Amino acid sequence: GGKKKYWGASVVGETIPEWQHVDGHMPPSEDENCAAFHVSESLSAKLLAAQIAVDSAYALHDMLHSTAEIHMVQMRAARDKADELIDACDAVAANEGVGNCQAQLWYLRGKVASVGVAEGRASHEAERLLANAVKLDPSLVDGWNVLGELFWERGDLEAAWGCFVGALDAKRNCESLCHLSMLLRVKSSACGGSNEWLLESVALAKEAVRIAPTSSRAWYSLGNAQLSAFASAACSAHNTAEGLHLANKAFTQAAKGTLGGGNDADMHMNHALTLFLLDMSQQALEHYSEAERLDSSLGAAAKRQEVWGFVSRVSELLHSKGGFKSKRLSSLLADLPRTPASGVTPDGVSVPLVMLSSLSEGPNADLKVVVKVIAPLPLHQSRCFFSFAVADSAEQVMALSIYMNTRDQLQLGSTLELSSPILIRVE
C-alpha cells in the first residue's frame with residue numbers, strides 16, 4: 001500500500017488529487033455533466049450517481065492502506081459498484097433512444113477502468129475509452145484531464161501536456177492549470193532550473209486560484225510553485241524572502257480550502273520546509289509532526305530532527321557569541337555607532353537608529369540597526385541563502401538571514417545597515 005507519487009511533481013512530491021473538477025468542489029451537477037445533450041430526469045440522476053461513484057473509486061488510487069492486498073480489494077469493490085451504475089445509465093439511454101451521451105459514458109468507463117487493475121492509472125483499456133470519449137466530444141474537460149494523468153503515470157509528459165492543453169482549449173479550468181503548472185516545474189528541474197518555466201508555473205497557479213479561490217488544490221499548487229521558484233538559483237526574481245512569504249500564505253490558505261487540504265501530508269511537508277526557510281522553526285516542527293502522523297513514509301520525523309538540530313547549533317553559536325572572547329569582540333565592534341543616533345536611507349530620509357534589543361517581534365518599519373558579522377551560521381542543504389551571527393555596539397548577538405546566493409559577499413567584520421528589519425523569536 002501507500003500513496004502514489006507522481007514523477008517529479010513537486011518539491012516533496014505532489015500526488016494527483018482526489019478531486020478532479022473545475023472548482024475543487026463536489027462533482028458537477030447533472031446539468032453540467034449533460035450540457036451537450038438533453039436527457040430525461042431519470043437518466044440525469046443516474047449519470048450523476050455514476051459520476052460520484054467513479055470519482056470515489058478513482059480517489060482510492062491515492063489512499064493509504066495497511067497492505068497492497070487490502071487496497072486492491074477495496075478498489076475492485078468500488079469499481080464494481082461504479083460499473084453497475086454505468087451499466088444502468090447505458091440501459092436507460094438505450095431504452096430512451098439517447099445516443100448523444102456516449103462520450104460521457106465512455107469517459108466514466110475509462111476513468112474507472114484504471115481502478116483495481118495491475119496497470120493502475122496507466123491502464124491501456126482506460127486509454128482506449130478516454131481517447132474515444134474526447135475524440136467524440138472534445139469539450140469533455142474531465143476526460144482530457146484524466147487522460148493526461150494516464151500519460152503522466154507512464155512518464156509520457158509531452159502527451160500529458162497535450163491533454164491538459166486540450167482541456168484548457170475546451171474551458172479554462174483549475175485542474176488543468178494546476179497540472180500544467182506542475183509539468184512546467186518538472187521541465188524546469190530537468191533543465192537545471194529554467195527561469196521562464198518557473199515564472200510561467202507561478203502564473204498558471206495564480207490563474208487556478210482566481211478561477212477556484214476556495215480550492216485547496218489551487219492554493220497548494222500556488223504554494224509549490226512559489227517554493228520551487230524560490231529554490232531555483234536561476235530564478236533570481238523570486239529568490240527573495242517575499243517568494244517564501246507568498247508560499248507560506250498559499251499553503252495556509254490551502255489548509256482552509258475545500259476538501260480537507262489540511263489533511264494532506266505532502267502539503268504539511270512543503271509548508272514545513274517553507275516555514276523553516278523563513279526561520280519560523282516552531283511552526284515548521286508542528287507541520288512536520290502532522291505530516292508524520294498522516295503518512296510516516298514521507299520521512300517527516302527525520303526532517304523534524306534536522307530542523308531541531310539546526311536550531312540547536314545556531315542557539316549554541318549565538319550563546320557563545322560566535323566563539324569570541326569578550327575583549328576581542330569589544331575591539332571588533334568598537335567603531336559601530338551608539339544610540340541615540342539616526343541613519344539616512346538611500347532616498348535621503350532620516351530614520352531612527354536603534355539597538356537590537358529595542359526591536360519588536362515582527363516588522364520594525366522605519367527603524368535601522370547597524371551590526372557587524374561575527375560568524376557564519378551552519379549551512380543546511382535546503383537553505384539556498386545564508387545566515388550569520390551579527391552583533392551591535394552593545395554586544396547583543398542575533399542570527400541574521402540574508403537572501404542572497406553567495407556567502408563570499410560578506411566577511412567576518414563586515415558592517416551592515418539593516419533598514420526595517422523583521423524580528424522572529426525562536427523558542
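General observations
- Residue within the range 145-154 that is of a type in the set (A, V, I, L, M) and out of contact with any Phe, Trp or Tyr (no Cβ under 8 Å at 6 or more places or on another chain) present: yes
- The residues in the range 30-65 that are open to solvent by 40 Å² or more (accessible area, probe 1.4 Å), of a type outside the set (Gly, Ala, Ser) and at pLDDT 90 or above can be counted, and the count is 3.
- Some residue of the range 120-142 being surrounded by fewer than 16 Cβ atoms within 10 Å (Cβ to Cβ), outside any helix (DSSP H, G or I) and modelled with pLDDT under 95: no
- Residue list for the range 328-364, restricted to those being modelled with pLDDT of 90 or more and either assigned to a loop (DSSP other than H, G, I, E, B) or of a type in the set (Lys, Arg) (or both): Arg328, Ala334, Asp335, Leu336, Val354, Met355, Leu359, Ser360, Glu361, Asn364
- Figure legend. Inter-residue proximity from the range 140-153: first residues without any contact (Cβ under 8 Å) to a residue 60 or more places away in the chain, second residues open to solvent by 20 Å² or more (accessible area, probe 1.4 Å) and not basic (Lys, Arg), beta-carbon distance below 6 Å, spacing 6+ or different chains. Indicated pairs: Leu150/Glu127; Phe151/Ala159.
- Qualifying residue in the range 243-251 (condition: at pLDDT below 95, out of contact with any Phe, Trp or Tyr (no Cβ under 7 Å at 6 or more places or on another chain), open to solvent by 40 Å² or more (accessible area, probe 1.4 Å) and not in a helix (DSSP H, G or I)): no
- Of the residues Leu199, Leu168, Leu184, the single one that is open to solvent by 10 Å² or more (accessible area, probe 1.4 Å), assigned to a helix (DSSP H, G or I) and without any contact (Cβ under 8 Å) to a residue 24 or more places away in the chain is Leu168.
- Any chance Val314 is part of a helix (DSSP H, G or I), closer than 17 Å to His380 by Cα, among the β-branched types (Val, Ile, Thr) and out of contact with any Phe, Trp or Tyr (no Cβ under 7 Å at 6 or more places or on another chain): yes
The values are calculated or read from the model by the stated rules, or taken from the named source; none is laboratory data. Here the structure is a predicted model, which means the values were calculated and not measured. Glycine also receives a Cβ, built like all others from the backbone with ideal geometry; neighbour counts cover every protein chain displayed. Quick note on the areas: whole protein, heavy atoms, side chains included, nothing else; ligands and nucleic acids left out. Shrake-Rupley method; radii C 1.70, N 1.55, O 1.52, S 1.80 Å.
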